1. Asp38 - would you say it is more than 13 Å from Val303 (Cβ to Cβ), within 13 Å of the ligand (Cβ to nearest atom), free of Cβ contacts under 8 Å to residues at least 60 places away in the same chain and not in a strand (DSSP E or B)?
2. With respect to Asp89, determine if the residue is closer than 26 Å to Ala325 by Cβ, in contact with a helix residue (DSSP H, G or I) (Cβ under 9 Å, 6 or more places away or on another chain) and of a type in the set (Asp, Glu).
3. Mind checking whether some residue in region 323-337 is over 13 Å from Ala20 (Cα atoms) and at pLDDT 90 or above?
4. If Val9 passes every condition in (1) surrounded by 24 or more Cβ atoms within 10 Å (Cβ to Cβ); (2) assigned to a loop (DSSP other than H, G, I, E, B); (3) out of contact with any helix residue (DSSP H, G or I) (no Cβ under 8 Å at 6 or more places or on another chain) but one, which one does it miss?
5. What are the residues in region 245-277 that are more than 23 Å from Asp164 (Cβ to Cβ) and of a type in the set (Ser, Thr, Tyr), if any?
6. Which one of these is under 25 Å from Asn199 (Cα atoms) and not hydrophobic (A, V, I, L, M, F, W, C): Glu29, Glu65, Glu39?
7. Would you pick out the residues in region 185-213 that are exposed (fewer than 15 other Cβ atoms within 10 Å of the Cβ) and either within 16 Å of Cys47 (Cα to Cα) or touching a strand residue (DSSP E or B) at 6+ places or on another chain (Cβ under 7 Å) (or both)?
8. Find the strands (runs of 3 or more DSSP E) located wholly in region 220-328 whose residues include 3 or more that are within 19 Å of the chain's Cα centre (by Cα) and touching a residue at least 60 places away in the same chain (Cβ under 8 Å), and list them.
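The values are calculated or read from the model by the stated rules, or taken from the named source; none is laboratory data. Owing to the predicted nature of the structure, the values given are computational and were not obtained by experimental measurement. Note that we place each Cβ from the backbone using ideal geometry, even for glycine, and neighbour counts take in every protein chain shown.
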Amino acid sequence: MRSLQYDVVVIGGGPAGLAAALKAREKAEKVAVLERNDELGGILNQCIHSGFGLHVFKEELTGPEYAQRYVDMVADTDIACYLDTMVIDVTADKQVIAMSPEGMIVFEAAAVVLAMGCRERTRGQIRIPGTRPAGVFTAGLAQRYMNLENFRPGNRVVILGSGDIGLIMARRLTLEGIKVAGVYEVMPYANGLLRNIKNCLDDFGIPLHLSTTVTKIIGQKRLQAVEVSAVDENLKPIPGTEEVIPCDTLLLSVGLIPENELSKQAGVELNPVTNGPRVDNTLETSVPGIFACGNVLHVHDLVDQVTKEAEDAGAYAAEYVIKHAGQAADKDEAGQGLVEASDRSGKEDAGIPVKAEGLVRYTVPSTICLDKAGSARIKFRVGRPVESGRLLIKSGDKVLFDRKKAMKYVPSIMEQINLTAKLLDGITEPVTVTVEEV
Ligand SMILES: Cc1cc2nc3c(=O)[nH]c(=O)nc-3n(C[C@H](O)[C@H](O)[C@H](O)COP(=O)(O)OP(=O)(O)OC[C@H]3O[C@@H](n4cnc5c(N)ncnc54)[C@H](O)[C@@H]3O)c2cc1C
């Protein structure tokens, strides 16, 4: 088996992996990106609509255009990109084992960046009763069929879930002359960005039915109809509200799950709310030297946010390599031989916990380690829409951030607050992030 050594190995060649690799290469000598597909760019290659890059490039790009900018930047460096290379295992001492066209390769890394993205929830995961005909797709799969493979998924479509991918697909299908009978959402509010509700549904006269879900799939070889029902406040279908909607295709846009099988294999601790790794303010996971960013860490709304986060992960991964190479050299000089993997932790302390309180559902990071970085970017989402909420971030009695102006908060929009080193200086108590209705 071939064995290769790198300073930083990035798993995943989507926007997160590419941005992390570029940033890491600014300080680290040898950087590699491992991608299972035959091209870089990740999921953006199938997102042919515009709306990407407004923050990073101050331009409105399509997904492939945005991805191409990073592919080109990587091509201008000596970052090694291994395509058709599927990582099958990662160990806690940062061995990354991958199947490549040249056979199995073991990448020995000083630091690893996890950037594997996410996958879509399927019918099985939301347990829709009924038969098992053809014509039930996840929205992303239908997007791939239409935009990359040139297939038409069906003629009359029902979409379950008002996440952004479902909304964008409602418009895409309509533009291709396919009838979208309606978008059904189990929650009493839409899950996608407001701009997508307006641009993708309202502008095309596609109805959005809130507090309604699909309760049965009907059809033998091909889907013939779905039964939908209104739900109560506990999201349980209300008997007597059933309605049969004829359709030959059902698209599911019912959530994304971070791809964390490799993270688990490496022993990385996961956050049960996000299903992504628990990280500190340097995006380092519970396994020393393994960092995470992008959708594998928590699901993002906008690729621009993914890029920024990945740049942080790449920079901190490179710093980790430099710091621990320095420590190894110091020990060598002192005649103590090479540093054992278990000594390379850099986890001087467990960090100050960051806690989601009030209507906040989760925060990233889960801890702040001031000995590693003085500042912290706090990202969070609320668990339900809040018409008028007050955001307060505290450590014990010390107020770190107080957004006095009451604002609207919605689960579909990730919020981000930067806490500077000056603000965080000297704190020892857990940091609480609270949104309360006012
Ligand atoms: C179907 C879909 C549509 C979306 N549409 C939009 C949109 O319109 N606008 C928007 O802003 N955001 C959209 N998003 C969100 C989008 O995922 C993020 O903006 C961004 O692409 C996430 O970047 P990433 O690099 O974290 O993940 P990805 O782009 O998913 O990249 C992850 C990469 O890791 C690779 N990988 C995974 N596991 C392995 C392994 N074991 N070995 C090697 N490689 C591996 C994958 O092949 C993939 O290339 C969409 C997401 C999905 C799932």
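1. Details: more than 13 Å from Val303 (Cβ to Cβ): yes; within 13 Å of the ligand (Cβ to nearest atom): yes; free of Cβ contacts under 8 Å to residues at least 60 places away in the same chain: yes; not in a strand (DSSP E or B): yes.
Judged against the criteria, Asp38 is a match.
2. Details: closer than 26 Å to Ala325 by Cβ: yes; in contact with a helix residue (DSSP H, G or I) (Cβ under 9 Å, 6 or more places away or on another chain): yes; of a type in the set (Asp, Glu): yes.
Considered against the rule, which asks whether it is closer than 26 Å to Ala325 by Cβ, in contact with a helix residue (DSSP H, G or I) (Cβ under 9 Å, 6 or more places away or on another chain) and of a type in the set (Asp, Glu), Asp89 comes out as yes.
3. In the first step, residues of region 323-337 are kept if they are over 13 Å from Ala20 (Cα atoms); the result is 323-337.
If we keep only those that are at pLDDT 90 or above as well, we get 323-324.
Yes, because at least one residue in region 323-337 is over 13 Å from Ala20 (Cα atoms) and at pLDDT 90 or above.
4. (2)
5. Listed by number, the list holds a single entry, Ser263.
6. On the way: Glu29 fails: under 25 Å from Asn199 (Cα atoms); Glu39 fails: under 25 Å from Asn199 (Cα atoms).
Exactly one residue qualifies, and that residue is Glu65.
7. Taking region 185-213 first, the residues exposed (fewer than 15 other Cβ atoms within 10 Å of the Cβ) are 188-189, 194-195, 198, 202-205, 207.
Within region 185-213, Pro207 is the sole residue that qualifies.
8. Answer list for region 220-328: 256-258, 290-292.
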